[in-house]
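The block underneath contains the structure these notes are about, expressed in structure tokens.
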Amino acid sequence: MSTIGEAAAAIRALRPRNVVVFTGAGVSAESGIPTFRGEGGLWRNFRAEELATPEAFARDPAMVWEWYEWRRGLVRAAEPNAAHRAVAALTDAVVVTQNVDALHARAGSADVVELHGSLFRVRCVREQRVRAAPEPFAALPPRCECGALLRPDVVWFGEMLPEDALARASAVMQGADLVLIIGTSGIVYPAAGLVALCRGTTIEINPQTSALGSRCTYAVAATAAAATPPLVEAILETR
Ligand code: BJW
């Protein structure tokens, strides 16, 4: 484990040019959005692995949609926190996120690669047409004009990640001299495997032990909102 001060000193010595920020649910925890595998991660006693699947949607689309409408409501009412805002101050960094909450974009990050889709887009299961859906639905499950079900435009277990997003994320990871890894358990693949592509310095911010921490150059045991601003400040000082 490293302190924030040790990681900041390493950043000042490195003077990184190509910075990637890789985030998971923990970066939004201090905005009041529950993580998947932490406290508050269960919904009506279901785990994400039981709800975020094509099988669950085929069995009970209304129930899966109730979960998504609940989460969409939480995110609509939430605000980006100090970690999202600090990341947005890195105007030339690429943000690769597993999150579907759009809080990085709302904080002002311009270059966000969404690996697992967005809560605020839907897709017709028949036509595959994707559209924005920022408002709550009047009835669940929502339907397309063609009569088929609409589903959230997110990536469920067993589904492929968007090819363009995965290709871009792989390329920027390979070219990064610094990757900040914030708030992910690092157990969901292929996203977790992206970190291994980085040949530069990796700094994890997570108050708990994750599957990635032991493979990072530095692992800082602190929350996203506490540790991200000083580490971003250290990067900006080198510009
Ligand atoms: C804080 C904090 C604070 C708290 N500050 N930090 C290789 C090995 C094993 C399995 C597989 C493999 N390759 C593929 C698989 C299967 C599967 C998988 O990975 N399963 C694992 C669970 C074992 N992967 C897939 O199915 C993927 N598709 C795929 O591989 O396609 C090819 C294929 C097809 C068919 C057959 C085989 C292969 C798709 C994965 C899709 C994941 N989707 C979800 C839902 C998205 C939509 C939605 O949101 O509804 O994505 S699941 C969920 O997990 C969500 C997240 O993005 C993802 C990762 O979770 P994350 O962000 O890490 O959150 P948590 O809760 O796990 O962790 C939070 C962390 O924050 C914790 O560490 C806390 O300590 C920390 N924290 N407070 C900082 N304040």
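The values are calculated or read from the model by the stated rules, or taken from the named source; none is laboratory data. For clarity, every value in this text was computed on a predicted model and none was experimentally measured. Here Cβ is always computed from backbone atoms with ideal geometry, including for glycine, and neighbour counts include all displayed protein chains. For the accessible areas, the whole protein counts, side chains as well, though only heavy atoms, and no ligand, DNA or RNA atoms are used. Shrake-Rupley method; radii C 1.70, N 1.55, O 1.52, S 1.80 Å.
Just the protein heavy atoms count here, and of the accessible area of segment 1-75 at 1.4 Å, carbon and sulfur take up 53 percent. Working value for segment 115-192: equivalent-ellipsoid semi-axes of 31, 13, 11 Å, each the square root of 5 times a Cα gyration tensor eigenvalue, largest first. If R0 is 22 Å, the Cβ-Cβ spacing of Gln128 and Ala77 corresponds to a FRET efficiency of close to 0.10.
Highest mean first, how do 5-12, 182-189 rank when packing is the count of other Cβ atoms within 10 Å averaged over residues?
The peptides rank, most packed first, as 182-189, 5-12.
From the Cα gyration tensor of segment 7-107, with a ≥ b ≥ c the square roots of its eigenvalues, which class applies: rounded if a/c is under 1.5, or else prolate if a/b is larger than b/c, or else oblate? Prolate, since a/c reaches 1.5 and a/b exceeds b/c.
Against the main long axis of the alpha-carbon atoms of the chain, helix 4-14 sits at an angle near 70°.
Note on the chain: antiparallel DSSP beta bridges, both residues inside, total approximately 30 percent of the bridges counted. Beta-bridge orientation, segment 124-237: approximately 20 percent antiparallel, per DSSP, counting only bridges with both partners inside.
For Ala138 and Trp70, the difference between the fully extended length at 0.36 nm per residue and the C-alpha to C-alpha distance is 23.1 nm.
Helix 163-175 sits at what angle to the longest principal axis of the chain, using alpha carbons and giving 0 to 90 degrees rounded to 10? Value to nearest ten degrees: 10. Across segment 154-197, the residues whose backbone nitrogen lies under 19 Å from the label position 7 Å along the beta-carbon direction of Cys146 are 154. Among 156-165, 72-81, 89-98, sorting by the average number of other beta carbon atoms lying within 10 angstrom of each residue, highest first, gives 89-98, 72-81, 156-165.
Can you give me the C-alpha center-to-center distance between segment 3-29 and segment 154-190, rounded to a whole angstrom? Between the Cα centre of segment 3-29 and that of segment 154-190, the gap is 17 Å. For Ser185, the shell of other residues with beta-carbons less than 14 Å away shows a net charge of 0, using +1 for Lys and Arg and -1 for Asp and Glu. Counting protein heavy atoms only, segment 99-239 has 55 percent of its accessible area on carbon and sulfur, 1.4 angstrom probe. Ranked by the mean number of other Cβ atoms within 10 Å per residue, highest first, peptides 20-28, 222-230 order as 20-28, 222-230.
Taking all protein chains into account, the per residue accessible area for the chain stands at 45 Å² (1.4 Å probe).
In segment 87-239, Rg over Rh equals 1.02, where Rg is the alpha-carbon radius of gyration and Rh the Kirkwood radius from pairwise Cα distances.
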